[in-house]
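Taken together, the values in this text are just the output of simple stated rules run on the coordinates, not laboratory data. This structure is a prediction, so every number in the text was calculated from the model and none was measured. In this analysis, Cβ positions are derived from the backbone assuming ideal geometry, glycine residues included, and neighbour counts consider all displayed protein chains.
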Amino acid sequence: MKYPFKTILLSASLLCLASSCIREDLSECNPGVLLKYDYSLNPESTNLFGAEVGKVTVYVFDENGIYYDCFSDAGKHLTNDWEMRLPLPPGNYTTVTWAGPLTTYSIGEKNADETVFQSELKKGVTHIDNFMLTAENNGEPLIDLDNLYHGLKKVTSTFNPETAAVVDLIKDTKHLTVTVEDQSVGRNRADATDAPYEVYCTGTNARYLADNSFGKKARTIINQPYNTYTSPGKAVSELNLLRLVIGRPFGLTVKNKNGKKVFDKDLVQTMMATGHYNTQEDFDRELNYNVVVKISESSIVITINGWIAVEIEPDL
């Protein structure tokens, strides 16, 4: 059978085009985005992504803010040099990264006034303004919290992504140690079984939107210690916290065994009173808050990470 010359020429062109995409490197055929992570906002001011972060989950929204897809990766290969490739059609996108195990959080969609939350996202439907992560658990106290990191990046998908877009991460989880120095602690056997002091925190910082800001109707939650212990003259409580933000109330309460409040003040304001936490970056960079409540007959002195925050008259 004979074919016209134009038909043969067209077939050869199509065969040549197809063969150009049969190669090990498909970057020129399949568009996408490369992401690279930097977690340097920490006390060491060095990238600790490879050392600390073992899992990343990326939620992608198109240029209209509509949910497109989710991509995740985990393992030891997530080093500082690792790059994540997202296979996306050409266009502009917003990527929201939540890094960490995420087992103690729920991710999904809220309605406009935040009265309803569904722990799922609908492709082609969910808008980025309704995207939410929450640690709120039906009013239950927060005790155990997975390490949580956030990053947001606007990207463009191309047919030949050569340079990775760098995503800067913020660690939203913090560690609080409250040590009450009281010479009466440990004098009797009851201290070994009954905590001589009750320590807890209250705030509305367990509901996060796509940009890491808080939901407008975030509920008040209570952070309780995951560990308490005593030694002669000391009662120690260890707590997991979420992000502290300047201007958002977050209370720290310490009660003695009789229920009397020894300390009951805003933790953020108390930290700022030391003169060493002046900006939001200062709070985001710090990971460990070591609060010491030193009780004597004449005064109660509060120090945070070694800096004196406040001295008050005891009323025990």
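Below, the figures for the structure above:
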| quantity | calculated |
| --- | --- |
| Subset of K76/K123; K36/K216; K36/K153; K36/K154; K234/K261 violating a 21 Å alpha-carbon distance limit | K76/K123; K36/K216 |
| Computed helical MRE - 222 nm, the chain, DSSP H runs ≥ 4 contributing -39500 (n - 2.57), nearest 500 | -3000 deg cm²/dmol |
| Shape category assigned to the range 32-171 from the gyration tensor of Cα positions, a/c cut at 1.5 | oblate |
| Rounded, prolate or oblate (a/c below 1.5 giving rounded, otherwise prolate when a/b exceeds b/c) for the range 174-312 by Cα gyration tensor | prolate |
| Distant-in-sequence amide H partners of D172 (H built 1.01 Å from N, under 5 Å) | L148, Y149, H150 |
| Which of C201, C70 has the fewest Cβ neighbours within 10 Å, and the rest in rising order | C70, C201 |
| Long-range HN-HN contacts of T126 with modeled amide H, under 5 Å | Y67 |
| Projected label distance in nm at S40 and T79, using a 7 Å step from Cα toward the beta-carbon | 1.9 |
| Tilt relative to the chain, helix 5-19 - C-alpha long axis, 0 to 90 degrees, to 10 | 20 |
| Simple spin-label estimate for I143 and E162 in nanometres, 7 Å along Cα-Cβ | 5.5 |
| Label-point separation, T103 to Y226 (7 Å along Cα→Cβ), nm | 1.1 |
| The range 32-171, dipole about Cα centre (Lys/Arg Cβ +1, Asp/Glu Cβ -1), debye to the nearest 20 | 340 |
| Extension gain, A112 back to K234 (0.36 nm per residue minus Cα-Cα distance, nm) | 39.1 nm |
| Lys, Arg +1 and Asp, Glu -1 on Cβ, resulting dipole of the chain about Cα centre, debye, nearest 20 | 600 |
| Debye intensity ratio I(q)/I(0), log10, the chain, q values 0.12, 0.16 Å⁻¹ (C-alpha model) | -0.89, -1.29 |
| Distance between the range 33-102 and the range 264-309 - C-alpha centres, whole angstrom | 33 |
| Residue order, fewest to most beta carbons within 10 Å, for W98, W307 | W307, W98 |
